[in-house]
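What follows is a set of notes on a single structure, which appears directly below.
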Amino acid sequence: MSAERVTINEVGPRDGLQSQPRALDGDRRLAMIEALVAAGLRSIEAGSFVSPKAVPQMAGTGELFARLPQRGEVRYSALVPNVRGYELARAAGVDTLSVVLSATETMNRRNINTGLDETATACAELMARAVADGVDGWAYIAVAYECPFEGPTPPARVERLAERMIEAGARKLIVADTIGAANPAQVRTLTSALVRAFGAERIACHFHDTRGMALANVLAALELGVRDFDSSIGGLGGCPFSPGASGNVATEDVVLMLESMGLHTGVDLDALVAAVDRCAELLDSPLGGHSFRWLRRRAGTARKSDHA
Ligand code: MG
């Protein structure tokens, strides 16, 4: 009997890098992705098709896609903010495109300068277009638990936006705790409503570890049948438009917890440790989730400073 599978969608190369002060060049972005693929990650958010003026860290994503390794086996997604981004992504051969819909009026305005209704309509149109083009559209619902400007997000509104995205053709709905404010009880409430309405197989979760509750939140969603989680190598990245937001949940923390529980992620923990080190080297900045030092000792590559 094989272990139950959980999909880890690695977001470091987009969500993570986007919030870094320094832009990595194409070679370094590719090297990062190669390290992630070598660790066994098979779902990777590789970049976004946004204006390079607005987000210089993501300039050249089209060229990057042309160089990605093992394209048949690895699902590479890209974020598209609008029709222009969608068209650029399709021209680059991207077959999994995601949109971001923030659940509050103010967050949409601050983020992309359009209101909630207008953004929802634009996202729905992109999801419908993906269906027509025979590719997969994924919809992120950002600030699904709390907005830095408006406070707690009503779960009923998230459900309504989710329904709109699914009806428009979204293959997957990614519920994002963009500022890391959710607790497991809130995750249970929202996730159970979404699972009831759309089925666990359509739902994924994106947690931040800002308040140290990301793994507890993963567990809460896992217990409701969710088997698809975003995470970022070494905990790389926050949200540049959300004051006080930091820390995507670290891939190694999520993988370690799931594998310890007997679930199968396909990710090799020792190779993941090497990937964290490789990414830290490429970024010239320390990286690593809660379990990283322990994982590195386990992998037998502990550095002296780890024991300090
Ligand atoms: Mg994030």
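The values are calculated or read from the model by the stated rules, or taken from the named source; none is laboratory data. These numbers come from a predicted model, not from an experiment. No Cβ is skipped: glycine too gets one built from the backbone with ideal geometry, and neighbour counts run over all protein chains shown. Ligands, DNA and RNA are stripped out before the accessible areas are found, and what is left, the full protein with its side chains, is counted by its heavy atoms. Shrake-Rupley method; radii C 1.70, N 1.55, O 1.52, S 1.80 Å.
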- Query: So for region 24-90, what are the equivalent ellipsoid semi-axes in whole Å, largest first, each being the square root of 5 times an eigenvalue of the Cα gyration tensor?
  - Reply: 21, 14, 9
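If you take the beta carbon distance between residue 54 and residue 167 as r and set R0 to 30 Å, what does 1/(1 + (r/R0)^6) give as a FRET efficiency, to the nearest 0.05? Could you put the intermediate results ahead of the total?
Details: r = 30 Å, r/R0 = 0.99.
E(calc), rounded to 0.05, equals 0.50.
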- Message: Rounded to two decimals, what is the ratio between the C-alpha radius of gyration of region 124-232 and 2.2 N^0.38 Å?
- Response: 1.02
- Note on the structure: In nm, the gap between the two label points placed 7 Å beyond Cα toward Cβ at residue 67 and residue 131 is 3.7
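Per residue, how much accessible area does region 7-306 have with a 1.4 Å probe, in Å²?
Each residue of region 7-306 exposes 40 Å² on average to a 1.4 Å probe.
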- Share of accessible surface on carbon and sulfur in region 7-306, whole %, 1.4 Å probe and ligands ignored, is 49
- Note on the structure: Taking 291-298, 229-236, 268-275 and ranking on average Cβ neighbours within 10 Å, highest first, one gets 229-236, 268-275, 291-298
- At q = 0.09, 0.12, 0.15 1/Å the base-10 log of I(q)/I(0) from the Debye formula over the alpha-carbon atoms of region 7-306 is -0.39, -0.71, -1.17
- Working out 0.36 nm times the residue gap between residue 157 and residue 3, then minus their Cα-Cα distance, what length gain in nm do you get to one decimal? 51.9 nm
- residue 121/residue 84 FRET efficiency (R0 22 Å; Cβ-Cβ; nearest 0.05): 0.85
- Query: Using 18 Å as the cut-off for backbone N distance, which residues of region 250-283 belong to the label zone defined by a point 7 Å from the Cα of residue 219 along Cα→Cβ?
  - Reply: 250-264
- Note on the structure: In whole µm²/s, the translational diffusion coefficient that Stokes-Einstein assigns to region 1-127, given a Kirkwood hydrodynamic radius over C-alpha pairs, 25 °C and 0.890 mPa s, equals 159
- Task: Enumerate the amide H contacts of residue 147 below 5 Å, restricted to partners 5 or more residues apart or on another chain; note that Pro and chain-start residues carry no placed amide H.
- Result: 153
